[in-house]
Amino acid sequence: MTAFSLNPEQTARCAQLRELAAERLRPLVEAHAKGEEGGVNRPLTEALGELGLLEGLFTSGALDLCLMRESLARVCTEAETALALQGLGAHPVHAYGSLEQREHWLPPTRAGRAIAAFALSEPGAGSDAAALALRAEPDGSAGWRLTGEKSWISNAPEADFYTVFARTSPDAGARGVTAFLVPADRAGLTGAPLDMLSPHPIGTLAFDGVRVFAADVLGDVDHGFRVAMTTLNRFRPSVGAFAVGMAQAALDAALAHTADRDAFGGKLKDLQAVSHQVAEMATRTEAARLLVYAAAAAYDRGEPDIAGRAAMAKLFATETAQFVVDTAVQLHGARALQRGHLLEHLYREVRAPRIYEGASEVQRAVIAKELYSKEPIA
Ligand code: COS
């Protein structure tokens, strides 16, 4: 039975992660922002490797992953996202890769020297992932050639390898998709950065007859949709944890500001309109946190209704974080909109998670499908 107060070790680990994020990771983000290089912050990812945090992506359970993401997000969203993207891109290799694929790619990924990316979305297939059209056409007996486009791929085009989902069987929907591990230096693979409302790099990929072989397949041919969905099942609660970390950071800022700011002959917090808003923010954040922990713990216990619970956690936490960050901005007034303010940063960060790894509407569809698939209670 899991009760959702964390145990003392978990609480101490979260505090230690927040300290590491402030002392070791945030300075690397600031240094990167000053530089010209843009794109993937390789020193940051390498530091995540040196601190052993990337190792944790592959050795810890879903709940530990959530605690890690929430703790980092409270202090340094860039470090959080760099960590998460290594996990999303490399989880299919960890879970479905051959021994050779795992031995070749996972050690440098864990060390932060190889940058991973998860390439599912296409210009014509976002929420409807099973409509993906990137063609994998047989190329003699040697393998396939990949032709088509991917879009809105985090870490593209700078990643060192991509988990690419391609259509091996035309007209077969979800049952005709294969996952391939494609190194970035394969001939015919190019890409371009997109200028997005997102602090981490996102881009497009173009495949012009890129050769892939049987040794590049992750899992089984035509069973790649499952690779994508099970990866998302693992990561969706932790997107919720990222959102909870951001909500908590916004709440902390709002508490500090409203306790300190003089207005109307007292402090802002003395206004009931303000204190009730803060109470609402805290209550919703705590509810989101509990839903995230519960979904992750259910995943770790291997319970059957994982997809729906993961969907509820992601949906509720990302929508809550949007509300909490927006309300924190309102309570701060104009200063929060100044470039470089924590809340200006969080306001930009908080929007994308309601779309990526399954938009809120997709999460509702997953939840509803699971509800209606159950035997009605007589
Ligand atoms: N976990 C495990 N298996 C799943 C699954 C899940 N969460 N969701 C679907 N599947 C399996 C189904 O069991 C089914 O398997 P069989 O073919 O063996 O029966 C197969 O996948 C197809 O399922 P379904 O018919 O439900 O697929 P749909 O085409 O209706 O799509 C949604 C389902 C909308 C849930 C899916 O397309 C999705 O998650 N879209 C969002 C994609 C996304 O997150 N994109 C962001 C990319 S990362 S930034």
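Looking only at GluC sites (Glu not before Pro) in DSSP loops with at most 15 other Cβ atoms within 10 Å, what is the longest site-free stretch of the chain?
Details: sites that count: E36, E37.
Segment 38-378 is the longest.
Convex hull volume of the Cα atoms in the chain, per residue, in Å³?
Numbers: hull volume 57.4 nm³, N = 378.
Once divided by residue count, the hull of the chain is 152 Å³.
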Q.
Which residue, G302, A247, T320, has the largest displacement toward the positive end of the dipole of the range 226-373 when charges sit on each Cβ (Lys, Arg +1; Asp, Glu -1)?
A. G302
Q. So what's the gap between the Cα centers of the range 200-224 and the range 73-114, to the nearest angstrom?
A. 17
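What size of dipole, in debye to the nearest 20, comes out for the range 249-378 about its Cα centre when the only charges are +1 on Lys and Arg C-beta atoms and -1 on Asp and Glu C-beta atoms? Before the final figure, lay out each step's value.
Numbers: 16 positive and 17 negative charges, 43 e Å.
That gives the range 249-378 a dipole magnitude of about 200 debye.
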Q: Could you order S121, S127, S71 by accessible surface area, starting with the largest, using a probe radius of 1.4 Å?
A: S127, S121, S71
**Q.** Euclidean distance between Cα centres, the range 124-176 to the range 242-269, Å
**A.** 45
Q: Check the straight Cα-Cα distances from K314 and name the lysines below 17 Å, setting aside those fewer than 8 residues away within the same chain.
A: K369
Q) Lys/Arg Cβ at +1, Asp/Glu Cβ at -1, dipole of the chain taken about the Cα centre: which of L371, S238, L65 is farthest positive-ward? A) L371
Q: Let me know the shape class of the range 8-111, please: from the alpha-carbon gyration tensor, a ≥ b ≥ c as square roots of the eigenvalues, rounded when a/c is under 1.5, otherwise prolate if a/b is greater than b/c, or oblate.
A: oblate
(Q) Which one, A352, T285, F213, projects farthest toward the positive side of the charge dipole computed for the chain from Cβ point charges (K/R +1, D/E -1)? (A) T285
Q) Which of the helices in the chain, when you take each full DSSP H run, stretch at least 24 Å along the axis at their Cα atoms and have an average Kyte-Doolittle score of -1.0 or higher? A) 77-96, 224-260, 272-300, 306-332
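Quick one: work out Rg over Rh on the C-alpha atoms of the range 226-373, Rh as Kirkwood radius. Numbers along the way, then the final one.
Details: Rg = 17.2 Å, Rh = 16.1 Å.
My calculation puts Rg/Rh at 1.07.
The values are calculated or read from the model by the stated rules, or taken from the named source; none is laboratory data. Because the structure is a prediction, the values reported are computed rather than measured. Note that each Cβ is placed from the backbone with ideal geometry, even for glycine, and that neighbours are counted across all protein chains shown. The area values use the complete protein model at the heavy-atom level, side chains included, leaving out ligands, DNA and RNA. Shrake-Rupley method; radii C 1.70, N 1.55, O 1.52, S 1.80 Å.
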